[in-house]
Amino acid sequence: QLVYPHDFRLTEKEKTSICYLSFPDSYSGGLGDTQFSFRLRQAGGSRSSPFQDDGRYNREAPVTLQREAAHYFGYVYFRQVKDSSMRRGYFQKSLVLVSRLPYVNLFQCLLQLIAPEYFDKLEPCLEAVCNEIDQWPPPVPGQTLNLPVMGVVIQVRIPSRVDKPGSSPVKQCNQENLLPAPLVLPSVHELDLFRCFQPVLIHIQMLWELMLLGEPMVVMAPSPTVSSEMVLALTSCLAPLRYCCDFRPYFTIHDSEFKEYTTRCQAWEPPALSLSPPSRPNIVVGVTNPFFIKTLQHWPHILRVGELRMSGDLPKQVKVKKLAKLKTLDTKPGIYTSYKTFLHKDKTLIKRLLKGIQRKRPSEVQSALLRRHLLELTQSFIIPLEHYMASLMPLQRAITPWKNPPQIRPFCQEDFMKSLEHAGPQLTCVLKGDWLGLYRRFFKSPNFDGWFRQRHREMTQKLEALHLEAICEADIVAWMKDKSEVEIVDLVLKLREKLVRARCQHLPVKEETLQRVSLYIDTIIGSLPEDLQAVLHH
């Protein structure tokens, strides 16, 4: 019915998808308000962002919270109440906030403030809210922001790449005697993991492995809320490693990609039966329509969950079942898979969570414990890879000013495997199991590819920065003594190109280094004949 601000351009395909994704896909008898989220592939190539500073935000934010270039997140507030004046006897409406940022807590909190008012006052309310949001400062990683909206000030800290993983958010000291007292959100994005994972706590290790390996998974849930929370919880459990596969917190049969996902997985056979490597979508999808049980039963891993209810005891844990049992529409909750984990189960985690339940620990304490466990598991897995990758960097003394910087040595999987004997995950993790097998499978996943590309890019930029510093330390006048004009002009052009690249790519170089290189260029040009000087200045 309405898009605000009016100048925000969506294609017809995107509008249609957003409409379908903004309502429960199957009959929802529940009255009242529900909130959930979805993720949508942008249609028709990349478009310029209304934000000017994409580059800086993505450089300084944790990789898991970077602004998406090709997807939108949708945060939905859906209301369904009886209304005899409506043709169908119900008032059904959704207010959706669309963003490229994965700030699920902040945006759902914002919708809780705006939506009830919007359903009452309609467009004038949105206009007032958008005017307030227009005044908000940009999300600068590491900063605490006070965001006024509808008489409330939401206070949040934007996470930064330099934050220590697993540290609790910095206590906000700058209250500035705000009146009214701000609504402080402990995190812009972290979910209550303990609540989301309650029915699958004893299988957390298996789910972590499936996410790490980028395995295709369907989450079948009774509502879009449960579906989207479970998918977001699953994809967040690899932090600080970025989940590089596709994910759809809530997916409907009307989605334009529905056919793509159902047919690609029907053609897939378990690896034991197929000779060639299977082509299947690396994606986690959350669904609620029972129709999906029939169309997606070919998928290798299906997690069926019921309503999430917090109670005083450990909720009933779902069982791992064979895929063949997934035939009927009244399929019971469970993890339907033939996957065998590489690592042994960690019984101490379950014992600690159980003790927390008995002692009535708050859910956020249990969540912190669970998040810490997953973080340590991911770090134990990734640290050996980081160490090996660092060993591929050329020595600093090999970087000389008048030659191109040396190349990063290629990543050799077998060399890495050998390095695990003395520097493997066993140094930081008590878990036993087939770590080597897990690494071998990980090398085939999009998560390894994403991690490797990111690291390689960072190392290349570091080499460029070291090379610029080496140039600054060099004696340029001595070098020029026996050089021809052609060689000197060539050097000027190369240095200029380096300078432009350093500024465009925001290389990790001190400003003073860049200024010195700029001065060098001027000095060299000044030593050349006037006609050449004119050409180079031009």
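The values are calculated or read from the model by the stated rules, or taken from the named source; none is laboratory data. All figures in this text were calculated on a predicted structure; none of them were measured in a lab. Here Cβ is always computed from backbone atoms with ideal geometry, including for glycine, and neighbour counts include all displayed protein chains. Ligands, DNA and RNA are stripped out before the accessible areas are found, and what is left, the full protein with its side chains, is counted by its heavy atoms. Shrake-Rupley method; radii C 1.70, N 1.55, O 1.52, S 1.80 Å.
Take the stretch 131-142 and flag every residue that is surrounded by fewer than 13 Cβ atoms within 10 Å (Cβ to Cβ) and closer than 19 Å to Arg100 by Cα. Residues satisfying the conditions are Asp134, Gln135, Pro137, Pro138. Can you find even one residue in the stretch 443-459 that is under 23 Å from Arg242 (Cβ atoms), assigned to a helix (DSSP H, G or I), open to solvent by less than 50 Å² (accessible area, probe 1.4 Å) and touching an Asp or Glu at 6+ places or on another chain (Cβ under 8 Å)? Checking the stretch 443-459: not a single residue is under 23 Å from Arg242 (Cβ atoms), assigned to a helix (DSSP H, G or I), open to solvent by less than 50 Å² (accessible area, probe 1.4 Å) and touching an Asp or Glu at 6+ places or on another chain (Cβ under 8 Å). Across the stretch 323-340, the qualifying residues are those that are modelled with pLDDT of 80 or more and over 14 Å from Leu210 (Cβ atoms), and the one among them that is most open to solvent (accessible area, probe 1.4 Å) is Lys332. Looking at the stretch 349-389, which of its residues are open to solvent by 30 Å² or more (accessible area, probe 1.4 Å), free of Cβ contacts under 8 Å to residues at least 60 places away in the same chain and more than 24 Å from the chain's Cα centre (by Cα)? Of everything in the stretch 349-389, those that are open to solvent by 30 Å² or more (accessible area, probe 1.4 Å), free of Cβ contacts under 8 Å to residues at least 60 places away in the same chain and more than 24 Å from the chain's Cα centre (by Cα) turn out to be Lys351, Arg352, Leu354, Lys355, Gln358, Arg359, Lys360, Arg361, Pro362. Figure legend. Inter-residue proximity from the stretch 92-107: first residues farther than 17 Å from Pro5 by Cβ and assigned by the TED database to the domain that holds Tyr72, second residues of a type in the set (Gly, Ala, Ser) and in a strand (DSSP E or B), beta-carbon distance below 7 Å, spacing 6+ or different chains. Indicated pairs: Val104/Ser37. Scanning the stretch 5-25 for residues that are open to solvent by 100 Å² or more (accessible area, probe 1.4 Å) and closer than 12 Å to Gly74 by Cα yields a count of 1. Looking across the stretch 80-97, the residues that are assigned to a strand (DSSP E or B) and either open to solvent by less than 50 Å² (accessible area, probe 1.4 Å) or over 18 Å from Phe23 (Cα atoms) (or both) come down to Gln80, Phe91, Lys93, Ser94, Leu95, Val96, Leu97. I want to confirm something. Restricting to the stretch 232-270 and keeping residues that are of a type in the set (S, T, N, Q) and open to solvent by 10 Å² or more (accessible area, probe 1.4 Å), which single residue is modelled with the lowest pLDDT? Of everything passing the filter in the stretch 232-270, Gln266 is modelled with the lowest pLDDT. The residues listed here are Pro384, Pro401, Pro394, Pro410; of these, the one that is in a loop (DSSP other than H, G, I, E, B), touching a helix residue (DSSP H, G or I) at 6+ places or on another chain (Cβ under 6 Å) and outside the structural domain of Ala239 (by the TED database) is Pro401.
Looking at (1) more than 21 Å from Pro224 (Cα to Cα); (2) modelled with pLDDT of 90 or more, find the lone condition where Ala69 falls short. Failed condition: (2).
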